[in-house]
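Structure first, commentary second.
Here, each number is a calculation from the coordinates, and none is a lab measurement. Here the structure is a predicted model, which is why all the values come from computation and not from measurement. No Cβ is skipped: glycine too gets one built from the backbone with ideal geometry, and neighbour counts run over all protein chains shown.
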Amino acid sequence: MLAFVALFAPLLAVARGFGSGAPTMACTGMTPQHSPHGWQTVPAPFQLTTDSHTYTPGAPLRVTISGPSGFKGFMLQARSPFATGSNPVGAVGAFQNLPASARTENCFSTGDTATHVTGHDVKDSITVTWVPPANLHGPVALTATIVAQFSTFWVGVTATVHQGANHLITG
């Protein structure tokens, strides 16, 4: 019996998925650890939208994931083109005002990633608030991974927001 458990326990760990949200090991590539499944290569049937196409540093911006059919999981980051050694993807800002079906993950800084709480509930849409840092400038790509089913997910669903014209840093 012990040999059976030793042989099959690693397989169970790989197949279980992460019903409580994206794990920190997914922070850089935003790829679900849903072995042996890969992401979809057709366009996502989901949209990532914002209240505005521009942001103001330090001011909240609402971000919504939605689509014609429900989804079970998601991972969302705001990424600037200014990556550093400790933050190789340029994740910026923090997510707030999440519904009960979502939580934040501290990938590179406090609250810089939003993810689902449970992968069992189907969501038609989810809206969160992103707060950019006060010193941010330049374009930001809101980047999501969206999971419809364990074996059906899309990586790299994006919406780009630009800094508002009256807040440009010159110099």
TODO: Return the long-range amide H neighbours of T54 (sequence gap of 5 or more, or a different chain), with a cut-off of under 5 Å between placed amide H atoms.
DONE: H162
TODO: Using θ = phi - 60° and the Karplus relation 6.51 cos²θ - 1.76 cosθ + 1.60, list the HN-Hα couplings for region 85-100 in order, rounded to whole Hz, with x at every Gly or Pro.
DONE: x, 7, 9, x, 9, x, 4, 9, x, 9, 9, 9, 6, 7, x, 4
Task: Bins of 5 Å, starting at 0 and running to the largest distance - Cα pair percent for region 96-171 - done: 3, 12, 20, 24, 18, 11, 7, 4, 2, 1
Task: Where chymotrypsin sites (Phe, Trp or Tyr not before Pro) fall in DSSP loop in region 55-115, at most 15 other Cβ within 10 Å - done: F82
Open item on the list: Can you work out the Karplus-derived ³J(HN,Hα) for every residue in region 55-67? Use 6.51 cos²θ - 1.76 cosθ + 1.60 with θ = phi - 60°, whole Hz, and x for glycine or proline.
Closed with: 10, 10, x, x, 9, x, 9, 7, 10, 10, 9, 8, x
TODO: Set the Förster distance to 35 Å, then compute FRET efficiency between V42 and N106 from the Cβ-Cβ distance, nearest 0.05.
DONE: 0.60
